[in-house]
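A short write-up of the structure that comes next.
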Amino acid sequence: MPDPASLRLSVAPMMDWTDSHCRVFHRLLAPHARLYSEMVHANAVIHGDRERLLAMDPVEHPVALQLGGSEPALLAQAARIGAEWGFDEINLNCGCPSDRVQAGRFGACLMREPALVADSVAAMVAACAGLERPVPVTVKCRLGVDDDHDYDRFRAFIDTVAAAGCGIFVVHARNAWLQGLSPKENREVPPLRYDWAYRLKRERPDLRVLVNGGIADADEATAHLAHTDGAMLGRAAYHTPYLLHRLDVAWFAGPPFNGVLKSRGELLRALRPYVEAQLERGVYLKHITRHLLGLFAGERGGRAFRQVLSEGAHKPGADWSLVERALALTESFAGPERQRA
Ligand SMILES: Cc1cc2nc3c(=O)[nH]c(=O)nc-3n(C[C@H](O)[C@H](O)[C@H](O)COP(=O)(O)O)c2cc1C
């Protein structure tokens, strides 16, 4: 079981968003956060281009690989591969509602198949046993699907899966509606019920329960810590990444920030060696800068920062100087940003 403090803050797995470049950026902002990959199907891990799907930068740790799938043997094989590639946790997706996922009978549909999830978790745990370092198998789930409104059924799902060897649950605290809603709507329309996650933690204190869904700011995130082991942020972390920095500084005393917020500019400049190394390898600047656009969200110059990066990063030869140009626009509105968290 990981150190409980390491579960307090995490950034949600998000397809097309939380790739390795994004995670490196988030790591600079929040050295104590737990980071998650995009979901990767077990078959892709086994048969696909692993270098593209699983490669990570060493600074990303602790980082979890999220797997999709519902065949225990395949999930076990993929989990072992993920652990061998250096991931610190293997997470099983039991929350994604997309049609593609439903056709493949995984993601949120699995909320209705606790025995299959338990078999999968047991096989993944066995596959990750005997490694030099422990790699826990965790589950990210919903409260239920469609019109399941029975807390006992939700808790029975958790109990069944926990008995198979999962001690950490990320609860996206709403149902998934499998008919008629797009994945985007499924992150907004079904009502949030944080109290189910809180109750689960009260009734199963030995489990680690992380709450996810709709957490918009630092006060909300902090309030969840009174009831659960951690808060997982998705869209707010991506669109306003400085929030991650605020939370890291506020929640974790000691180095590297010692309770003092760094300015956005300082944090971003720390990314320069990474960006230059990636450009050297042939990566386009736009593939990194697309994750940076929200850094100055709500700040003076934030819109110009975003515009300069979006308009310039795809041009041939775009390099770090573009980022400096964008930063200069924010710095022209000088003002001391440094303050205590
Ligand atoms: C663009 C996008 C992609 C997502 N992809 C995944 C995914 O691959 N796996 C997963 O478990 N959840 C995925 N999610 C859901 C998030 O992990 C999270 O549960 C959801 O956004 C609610 O948290 P939030 O309100 O903090 O964003 C995705 C969300 C977004 C916005």
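Tally up the residues in region 158-192 that are in contact (Cβ under 8 Å) with a residue 40 or more places away in the chain and away from the ligand (no atom under 16 Å from the Cβ), please.
Summing the residues that are in contact (Cβ under 8 Å) with a residue 40 or more places away in the chain and away from the ligand (no atom under 16 Å from the Cβ) in region 158-192 gives 8.
Right, LYS140: under 23 Å from LEU54 (Cβ atoms), touching a strand residue (DSSP E or B) at 6+ places or on another chain (Cβ under 6 Å), in contact (Cβ under 8 Å) with a residue 12 or more places away in the chain and basic (Lys, Arg) or not? Give the steps one after another, and end with the answer.
Working: under 23 Å from LEU54 (Cβ atoms): yes; touching a strand residue (DSSP E or B) at 6+ places or on another chain (Cβ under 6 Å): yes; in contact (Cβ under 8 Å) with a residue 12 or more places away in the chain: yes; basic (Lys, Arg): yes.
Taking the combined requirement at face value, the residue satisfies it.
Given the condition touching a residue at least 12 places away in the same chain (Cβ under 8 Å), away from the ligand (no atom under 16 Å from the Cβ) and surrounded by 20 or more Cβ atoms within 10 Å (Cβ to Cβ), answer yes or no: does some residue in region 86-99 qualify?
Applying the first criterion (touching a residue at least 12 places away in the same chain (Cβ under 8 Å)) to region 86-99 yields 86-98.
Checking which are away from the ligand (no atom under 16 Å from the Cβ) leaves us with 86, 88.
This time we only want the ones that are surrounded by 20 or more Cβ atoms within 10 Å (Cβ to Cβ), so: 88.
Yes: one or more hits.
May I ask you to verify whether ASP119 is free of Cβ contacts under 8 Å to residues at least 40 places away in the same chain, on the phi < 0 side of the Ramachandran plot and of a type in the set (D, E, K, R)? Show your work before the answer.
Values: free of Cβ contacts under 8 Å to residues at least 40 places away in the same chain: no; on the phi < 0 side of the Ramachandran plot: yes; of a type in the set (D, E, K, R): yes.
It is false that ASP119 is free of Cβ contacts under 8 Å to residues at least 40 places away in the same chain, on the phi < 0 side of the Ramachandran plot and of a type in the set (D, E, K, R).
So which residues in region 61-84 are surrounded by fewer than 21 Cβ atoms within 10 Å (Cβ to Cβ) and either within 16 Å of the ligand (Cβ to nearest atom) or more than 16 Å from ASN43 (Cβ to Cβ) (or both)?
Within region 61-84, HIS61, PRO62, GLU84 meet the criteria.
Show me the helices (runs of 4 or more DSSP H) entirely contained within region 254-310 in which 1 or more residues are of a type in the set (S, T, N, Q).
Here the list reads 272-280, 285-289.
Would you confirm whether or not region 265-281 contains a residue that is surrounded by 14 or more Cβ atoms within 10 Å (Cβ to Cβ), touching a Ser or Thr at 6+ places or on another chain (Cβ under 8 Å) and closer than 14 Å to LEU29 by Cα?
Scanning region 265-281, I find at least one residue that is surrounded by 14 or more Cβ atoms within 10 Å (Cβ to Cβ), touching a Ser or Thr at 6+ places or on another chain (Cβ under 8 Å) and closer than 14 Å to LEU29 by Cα, so the answer is yes.
Considering only residues of region 13-27 that are outside any helix (DSSP H, G or I) and buried (at least 23 other Cβ atoms within 10 Å of the Cβ), which is nearest to the ligand (Cβ to nearest atom)? Give the derivation first.
As a first pass, look at region 13-27 and keep what is outside any helix (DSSP H, G or I): 13-19.
Filter once more, so that each one left must be buried (at least 23 other Cβ atoms within 10 Å of the Cβ): 13, 18.
Working: PRO13: 4, THR18: 8 Å.
Ranking the candidates gives PRO13 first.
Take region 40-60 and flag every residue that is in contact (Cβ under 8 Å) with a residue 60 or more places away in the chain and buried (at least 21 other Cβ atoms within 10 Å of the Cβ).
Residue satisfying the conditions is HIS41 alone.
Condition first: within 11 Å of the ligand (Cβ to nearest atom) and modelled with pLDDT of 95 or more. Can you find one or more residues in region 40-50 that meet it?
The initial filter retains those residues of region 40-50 that are within 11 Å of the ligand (Cβ to nearest atom), namely 40-41.
Pick out the ones that are also modelled with pLDDT of 95 or more and you get 40-41.
For region 40-50, residues within 11 Å of the ligand (Cβ to nearest atom) and modelled with pLDDT of 95 or more: present.
So how many residues does region 219-240 have that are within 13 Å of the ligand (Cβ to nearest atom) and either in contact (Cβ under 8 Å) with a residue 12 or more places away in the chain or surrounded by 24 or more Cβ atoms within 10 Å (Cβ to Cβ) (or both)? Write out each step before concluding.
Filtering region 219-240 for residues within 13 Å of the ligand (Cβ to nearest atom) gives 220-221, 224, 230-240.
With the extra rule that they be either in contact (Cβ under 8 Å) with a residue 12 or more places away in the chain or surrounded by 24 or more Cβ atoms within 10 Å (Cβ to Cβ) (or both), the set shrinks to 221, 224, 230-240.
Count: 13.
Does HIS32 meet the test of being in contact (Cβ under 8 Å) with a residue 40 or more places away in the chain, more than 11 Å from the ligand (Cβ to nearest atom) and part of a helix (DSSP H, G or I)? Break it down stepwise before answering.
Values: in contact (Cβ under 8 Å) with a residue 40 or more places away in the chain: yes; more than 11 Å from the ligand (Cβ to nearest atom): yes; part of a helix (DSSP H, G or I): no.
Answer is no for this residue.
The values are calculated or read from the model by the stated rules, or taken from the named source; none is laboratory data. As the structure is a computational prediction, the values presented were derived from the model and not from experiment. Positions of Cβ are backbone-derived with ideal geometry, glycine not excepted, and every protein chain shown enters the neighbour counts.
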